[in-house]
Amino acid sequence: MSNPASPPAVGVLDQGPELTFPPGFLWGAATAAYQIEGAAAEGGRTPSIWDTFSHTAGRTVAGHTGDVACDHYHRMPDDVRLMAELGLKSYRFSVSWPRVQPGGTGAANQEGLDFYRRLVDELLGHGIEPWLTLYHWDLPQPLEDAGGWPARDTAARFADYAQLVADALGDRVKYWTTLNEPWCSAFLGYGSGVHAPGRSDGGDAVRAGHHLMLGHGLAVQALRASRPQAQLGITLNLYPVTPASDAAGDVDAARRIDGLANRFFLDPVLGGAYPADLTADLRQVSDFGHVRDGDLTIISSPLDVVGINYYSRHVVAAPVPGAEPEAYWRSPSCWPGSEDVRFVTRGVPVTDMDWEIDAPGLVETLERVHRDYTDLPLYVTENGSAFVDAVVDGQVDDPDRLAYFDAHLRAAHAAISAGVPLKGYFAWSLMDNFEWAWGYTKRFGMVHVDYDSQVRIPKSSARWYAEVIRRNGLAAQ
């Protein structure tokens with residue numbers, strides 16, 4: 001299903017002495033179940049909120065759905081061989097909740113679990129460390145019908161599901177992530193409505209965020225009890241938030257957005273409390289009456305690792321009446337209580353998602369988490385970029401993506417040199433896939449996917465990354 005690995009692309013690695021990463025640094029790539037698996041109605045799988053959302057007119061670009069996606073469900077052994085060709089040391093994948101537990105309650109679907117058993121066996125057989133994410137946004141639709149993440153019971157159902165997966169795979173999977181980017185699940189799914197399930201209520205978003213974290217904590221406790229040797233963590237999408245100027249209004253705007261984007265999750269998960277200024281900002285949206293005694297102790301259950309997804313920086317300014325956000329995912333309702341904060345563009349290079357490229361922001365983010373929150377090992381669990389790619393003579397040259405990876409890996413090395421306990425890096429994404437509301441119009445992959453033929457072609461960035469892994473380093477500049 002893939003082209004044979006080609007010689008590494010000539011580039012920065014050939015220019016000088018190595019910028020070496022620590023021994024044992026975990027080099028990987030990441031995907032998510034709904035974005036690549038397809039087989040949406042096979043093997044006992046039932047609909048998730050993303051099936052419902054993508055099949056609702058007007059929700060995704062051109063009505064694209066994940067029904068087939070990259071057909072990874074049927075092509076998984078070939079995809080794992082491709083990972084091995086690229087030299088990946090680890091593969092971060094997510095389990096589809098409705099594939100494993102149709103309806104979100106009750107007994108496990110053994111046919112669904114068998115797919116992940118085969119995947120884990122294939123990975124281990126090729127010397128690739130499985131890194132399992134329990135939740136990458138595909139809530140079973142019946143749980144959404146019962147209230148979704150704004151309903152407290154969903155947290156308990158998530159812990160039950162986590163136990164089912166641990167019972168099946170815990171003997172072979174070392175690394176476990178509970179949630180991927182709960183900010184997106186809460187504030188895009190229930191705030192702005194641009195992600196599944198497409199609801200738009202600031203109070204629901206705040207409750208969803210809390211119950212996602214509660215589910216995380218309950219899952220950690222369940223996994224810790226049954227699989228004490230597992231390395232448990234969560235993955236948060238974090239951003240440095242910079243005021244557009246030193247003016248007091250801009251500085252306060254940065255404080256507010258930092259509270260919603262970063263501290264809403266960092267403080268409870270790693271510190272056991274919500275920031276007082278954040279709850280004050282949200283007083284018109286929520287009185288936090290959904291927070292019960294003991295919740296924050298559960299949410300801050302001890303972890304072994306922390307995953308950080310990094311893509312860009314937020315630059316913000318004080319409100320101006322009538323101002324509009326620059327991109328769909330910055331819809332005002334993504335920021336309840338701070339809808340009028342302006343997001344400022346700086347005229348710097350951007351990706352095809354219109355996200356500003358800011359590699360130094362990765363250093364800032366890693367240093368902040370280590371300095372202010374934890375001494376735990378950190379992993380960059382996603383980092384990557386969408387660009388427009390073209391197949392020419394059977395090859396895909398993607399110099400912009402290659403340069404993006406190179407700059408961010410240099411930032412990762414700089415963070416390590418500054419004392420950050422960064423232990424691994426996962427490129428997003430292994431292959432082009434269903435990019436949520438953008439459908440198949442945005443390509444993040446190191447491997448090009450022709451969605452009609454399902455042919456995989458490693459791009460020049462993939463060949464370059466393979467050489468980075470082989471050398472465990474970059475060229476010094």
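The values are calculated or read from the model by the stated rules, or taken from the named source; none is laboratory data. The model shown is predicted, which means the values in this text are computed figures rather than measured ones. Reconstructed Cβ throughout: ideal geometry from the backbone, glycine too, with neighbour counts over all protein chains shown. Please note that ligands, DNA and RNA were not included when accessible areas were found on the heavy atoms of the full protein model with its side chains. Shrake-Rupley method; radii C 1.70, N 1.55, O 1.52, S 1.80 Å.
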Near Phe53, within a Cβ-to-Cβ distance under 15 Å, what is the net charge of the other residues, with Lys and Arg +1 and Asp and Glu -1?
-4
Out of the total accessible area of segment 142-300 (probe 1.4 Å, heavy atoms of protein only), what percent is carbon and sulfur?
47
Calculate the tail of P(r) for segment 401-472: the fraction of all Cα-Cα distances greater than 21 Å, expressed in %.
36
Per the Kirkwood definition applied to all pairs of different Cα atoms, how many angstroms is the hydrodynamic radius of segment 24-169?
15.8
Return the lysines within reach of Lys174: Cα separation strictly under 20 angstrom, same-chain partners fewer than 8 residues apart disregarded; answer none if there are no such residues.
Lys89, Lys423
Projected onto their principal axes, the Cα atoms of segment 319-438 stretch, largest extent first, over whole-Å spans of 47, 45, 26
Under the classification rounded if a/c is under 1.5, otherwise prolate if a/b is larger than b/c and oblate if not, where does the chain fall, given a ≥ b ≥ c as square roots of the Cα gyration tensor eigenvalues?
rounded
Could you compute how fast segment 110-193 diffuses translationally, taking Rh as the Kirkwood radius over C-alpha pairs and applying Stokes-Einstein at 10 °C with viscosity 1.306 mPa s? Give it in µm² per second.
112
Sorted by chain and then number, the residues having a modelled amide H within less than 5 Å of the amide H of Gly424, at least 5 places away or on another chain, are Leu26, Val380
If you take the beta carbon distance between Ala418 and Thr105 as r and set R0 to 60 Å, what does 1/(1 + (r/R0)^6) give as a FRET efficiency, to the nearest 0.05?
0.80
With segment 169-308 reduced to its Cα atoms and the Debye formula applied, log10 I(q)/I(0) at q = 0.09, 0.14, 0.20 1/Å amounts to -0.30, -0.68, -1.22
Have a look at segment 377-427 and give its Rg and Dmax from the Cα atoms, expressed in angstrom.
13.9, 45
If each part is reduced to its alpha-carbon centroid, segment 341-409 and segment 93-112 end up apart, in Å, by 33
Just the accessible area per residue of the chain, please: how many Å² with a 1.4 Å probe?
34
If all Cα-Cα distances of segment 245-295 are sorted into 5 Å bins from 0 onward, what percent lands in each bin, rounded to whole numbers?
4, 19, 25, 26, 13, 7, 3, 2, 0
Volume of the Cα convex hull of segment 145-208, divided per residue and given in Å³:
86
Counting Lys and Arg as +1 and Asp and Glu as -1 over every other residue whose Cβ sits under 14 Å from the Cβ of Asp398, the net charge comes to -1
As a check on your grasp of the helix formula, calculate [θ] at 222 nm for the chain: sum -39500 (n - 2.57) over DSSP H runs of n ≥ 4, divide by the residue count, round to the nearest 500.
-10500 deg cm²/dmol
Classify segment 237-382 from the C-alpha gyration tensor, please: rounded if a/c falls under 1.5, else prolate or oblate depending on whether a/b exceeds b/c.
oblate
